[in-house]
Amino acid sequence: MSTKAEDILMKNVFDLLKGDALMYFGFNKKIVAPTRTEQTQLTIQTNFIDNTYLLDDGSIVHLEFQTTASQDDLYRFMVSDAVLANKEKKPIHTIVIYSAEITKALDYLDLGSVYYKVNNHYMIDFDGDMIYTGIVEKIGRGERLSKQDVMSIVLLPIMKSKDDKMTRIVNCIDLSKQIVDISEFYQIRAMLYLIAEKFLSEYEMEKIKEMMGMRFRLAEMWQKDKAVEIAKNLIIEGMNLELIAKATGLAIEELEELKVEVENNVVV
C-alpha cells in the first residue's frame, strides 16, 4: 500500500478512535492525536493496524490486535514500548485486543529488574451476533448510532460469532452502506479494511477490495481529505459555514465539528 493511501486510512482510523473510544476497553482516557513515531533504533516487525496515540493526560496508548497469544508477542510489545518510551519520555499504556479464538493470554513479563505489564482485552467476551442484530435493528428504526455502536461495528469481525471472520467482515461492510453520516462511513470503512488486512488471507483480501470498490475508493477518500483541509483554512479565515459547505461539499454538521477543532487548536 502506498504511503499516501496509508495516511488516508490512518487519518480515518484516528477520527474513529479519538475522544472517548477507549472506554470500549474500560480505559478512561481520551485519544487526542496520533503519534506515528519512527522507531529507528531497533528493527521491529510491525503492522500498521497496531498503533500508538497521544492521550489527554500526555501519556501514550499502544493498541495491538492479536490472533496469537505467545510469550514472544509480549517480548515484541515490550521492546517496541521501550523504544517509544525512550524516544518520547512519556508513560506507555499497552492494550492488547485478542480476537475471539483467544480466551487467555499472559499479560506480564517478570525479568528481574524489568517488569512489563499490558492490559489484555478478550473479544470472546462479546456476543457479536447479538450486537450485530441490535445495530441492524437500531439502523432500521432510523436511530443515530452512538460512538460505542460505531466501535462495535468495526470490532464485530473479531468478536464471538457462529460465522467465520470473512463472513463477519462482509456483513459489516454491507452494514456500513446503511450509515448516513459520511464521516462515520469513512471511519468504519477504514477500520474494517485494516482489520481485514490483519486477519484475512491475500485471496480473501482481494474479495474485500472488490466489495469496497476501486481499491477501497482511496481516490474518493483523498478528495474528502483535501476538502476537510480546505474547509479548515476557510474557517480560520472566518468564512460563513454555509458558504464553506457549498465550496467543499461537506455537511454543515461536519463543518461545525471542524470549527470546534479549529477553535480549540486540535491538530488531526
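The values are calculated or read from the model by the stated rules, or taken from the named source; none is laboratory data. None of these values were measured; they are calculated from a predicted model. Because the Cβ atoms are built from the backbone with ideal geometry, glycine has one as well, and the counts that use them run over all protein chains shown.
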When residue 74 is run through (1) modelled with pLDDT of 90 or more; (2) out of contact with any Leu (no Cβ under 6 Å at 6 or more places or on another chain), the failure sits at (2)
Picking from 87, 117, 104, which residue would you name as being surrounded by fewer than 19 Cβ atoms within 10 Å (Cβ to Cβ), of a type in the set (Lys, Arg), more than 20 Å from residue 60 (Cα to Cα) and assigned by TED's automatic domain parsing to the domain that holds residue 28? 104
Filter result for residue 156 (of a type in the set (A, V, I, L, M, F, W, C) and touching a helix residue (DSSP H, G or I) at 6+ places or on another chain (Cβ under 7 Å)): yes
Please state which of the following conditions residue 146 fails to meet, knowing it meets all the rest: (1) of a type outside the set (D, E, K, R); (2) touching a residue at least 12 places away in the same chain (Cβ under 8 Å); (3) surrounded by fewer than 18 Cβ atoms within 10 Å (Cβ to Cβ). (2)
Considering only segment 230-255, state which residues are assigned to a loop (DSSP other than H, G, I, E, B) and not polar (S, T, N, Q). 237, 238, 239, 249, 250, 251
Subset of segment 83-107 [within 22 Å of residue 30 (Cα to Cα) and out of contact with any Ser or Thr (no Cβ under 9 Å at 6 or more places or on another chain)]: 85, 89, 95, 96, 97
Of all residues in segment 182-217 being of a type in the set (Gly, Ala, Ser) and at pLDDT 80 or above, the one that is surrounded by the most Cβ atoms within 10 Å (Cβ to Cβ): 196
Among the residues of segment 155-197, write down those that are of a type in the set (Val, Ile, Thr), in contact with a Ser or Thr (Cβ under 9 Å, 6 or more places away or on another chain) and under 14 Å from residue 13 (Cα atoms). 188
On the given criteria, is residue 63 outside the structural domain of residue 196 (by TED's automatic domain parsing), more than 22 Å from residue 28 (Cβ to Cβ), modelled with pLDDT of 90 or more and in contact with a strand residue (DSSP E or B) (Cβ under 7 Å, 6 or more places away or on another chain)? no
Give me the pairs, please: first residue somewhere in segment 62-84 and over 18 Å from residue 157 (Cβ atoms) and touching a residue at least 40 places away in the same chain (Cβ under 8 Å), second residue anywhere and among the polar types (S, T, N, Q) and crowded, with 20+ Cβ neighbours inside 10 Å, beta-carbon distance under 8 Å, and either six or more positions apart or on two chains. 77/94; 84/52
Against the definition (over 16 Å from residue 67 (Cβ atoms), crowded, with 16+ Cβ neighbours inside 10 Å and in contact with a Leu (Cβ under 9 Å, 6 or more places away or on another chain)), how does residue 173 come out, yes or no? yes
Right, residue 139: at pLDDT below 90 and within 22 Å of residue 98 (Cβ to Cβ) or not? no
